[in-house]
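Down below is the structure, laid out as structure tokens.
The values are calculated or read from the model by the stated rules, or taken from the named source; none is laboratory data. Keep in mind that what you see is a predicted model, and the values were worked out from it rather than measured. All Cβ positions, glycine included, derive from the backbone under ideal geometry; neighbour counts span all protein chains shown. To get the accessible areas, we keep the full protein, side chains included, count just its heavy atoms, and leave off ligands, DNA and RNA. Shrake-Rupley method; radii C 1.70, N 1.55, O 1.52, S 1.80 Å.
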Amino acid sequence: MPTHQLTFPDNALAQALFGEQGGNLRLIGRNLKVKLNARGNQVHLEGAPDALSLAGRVLTELYAVMEAGYAVAPQDVQYAVRILQENGATSLKELFLDTVFISAMKRRITPKSLNQKRYIEAIRTHDVVFGIGPAGTGKTYLAMAMAVAALINHEYIRIVLARPAVEAGEKLGFLPGDLYEKVNPYLRPLYDALHDMMDFEKATRLVQRGVIEVAPLAFMRGRTLNDSFVILDEAQNTTSEQMLMFLTRLGFGAKAVITGDITQVDLPAGVTSGLIEARQLLAAVDGIAMVHFTDRDVVRHPLVQDIIRAYEGRRGRQVKPERGGKDA
């Protein structure tokens, strides 16, 4: 079996790279079927030639990232393996050091997959961006980070976060309270993401002043949004008319990011999803970017990937079209 040995100049960085009790090395070995043994600032690798080469590349790339000041966590090791398996020419340093925002918890928000990097670049360069893909791929979270960073840099005067209040198994009328109290649970995920980006009190002040607005999609009707960063979440649950209404709200100096998962449409049977239709109609329009995520872009618990694949496999066996449209 071919072997290889790597030596890293900085012993402290090497130990951090290897992980607590060699945990990061075990992750790489388990994913690539390679044996890795560390001693001091050296690591000995043994495995099939291609896997050996990839494992060495993962370690050297991550070491370069750490030299630049990035603290590599175990999940970053998993992302690194996945990214280099997908495209061996990728520079992890360029990817992991592309800081979108530093959250209220001082956590650096960066892309964790090639599609996340493409998504961020699309938001930087296009006025309208669609992020389409399964749950856990960072579509809304990264868009929120980009919006907050742009607001802090005075690129926009406000952030507008919208979601369709579509019932999924429960009737709004059965919930207690007035209209605001009924729709507020649908907006909770947007508030959660916002509070992860900003100090709670600061976020609350900005919401109270209207600098950040979180509202049901229906509240957008009749408005023109100038100099605003607008995010429409769960867009698969918009109707064709709602999607057109939203897209035509954009005014001068505005940017819109539309996110959704076309495999999770909660609209009544026979109602066309506005997101599916928009994907078909607007794909070739200049100035509009569409980024499609897959299960390989999931950045939640590793089991989420397996869950998504299992359900996609079931859908494939059933050979049923997506509810709300014919697009696949």
Tell me, yes or no, whether region 287-295 has at least one residue that is open to solvent by 80 Å² or more (accessible area, probe 1.4 Å), of a type in the set (Gly, Ala, Ser) and either within 15 Å of the chain's Cα centre (by Cα) or modelled with pLDDT of 90 or more (or both).
no
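Return the residue satisfying two criteria in turn: it lies in region 124-178 and is in a helix (DSSP H, G or I), open to solvent by 10 Å² or more (accessible area, probe 1.4 Å) and more than 22 Å from TYR79 (Cβ to Cβ), and of such residues it is modelled with the lowest pLDDT.
Pass one, region 124-178, residues in a helix (DSSP H, G or I): 124-125, 139-152, 172-174.
Among the residues that remain, those that are also open to solvent by 10 Å² or more (accessible area, probe 1.4 Å) are: 124-125, 139-141, 146, 149, 151-152, 172-174.
In the following step, the residues that additionally are more than 22 Å from TYR79 (Cβ to Cβ) were identified as 125, 151-152, 172-174.
Details: THR125: 96, LEU151: 95, ILE152: 93, LEU172: 46, GLY173: 50, PHE174: 49.
That would be LEU172.
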Which residue, of ALA71, ALA80, is open to solvent by less than 60 Å² (accessible area, probe 1.4 Å) and of a type outside the set (D, E, K, R)?
ALA80
When the residues of region 234-248 are narrowed to those that are farther than 14 Å from ARG279 by Cβ and touching a Pro at 6+ places or on another chain (Cβ under 7 Å), which ends up surrounded by the fewest Cβ atoms within 10 Å (Cβ to Cβ)?
GLN242
Which one is modelled with the lowest pLDDT, of the residues in region 75-97 that are within 16 Å of GLY29 (Cβ to Cβ) and touching a Lys or Arg at 6+ places or on another chain (Cβ under 7 Å)?
ARG82
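Which members of region 19-59 meet the condition of being in contact with a Phe, Trp or Tyr (Cβ under 9 Å, 6 or more places away or on another chain) and surrounded by 14 or more Cβ atoms within 10 Å (Cβ to Cβ)?
Residues of region 19-59 in contact with a Phe, Trp or Tyr (Cβ under 9 Å, 6 or more places away or on another chain): 24-25, 36, 38, 41-43, 59.
Correct list: ASN24, LEU25, LEU36, ALA38, ASN41, VAL43, LEU59.
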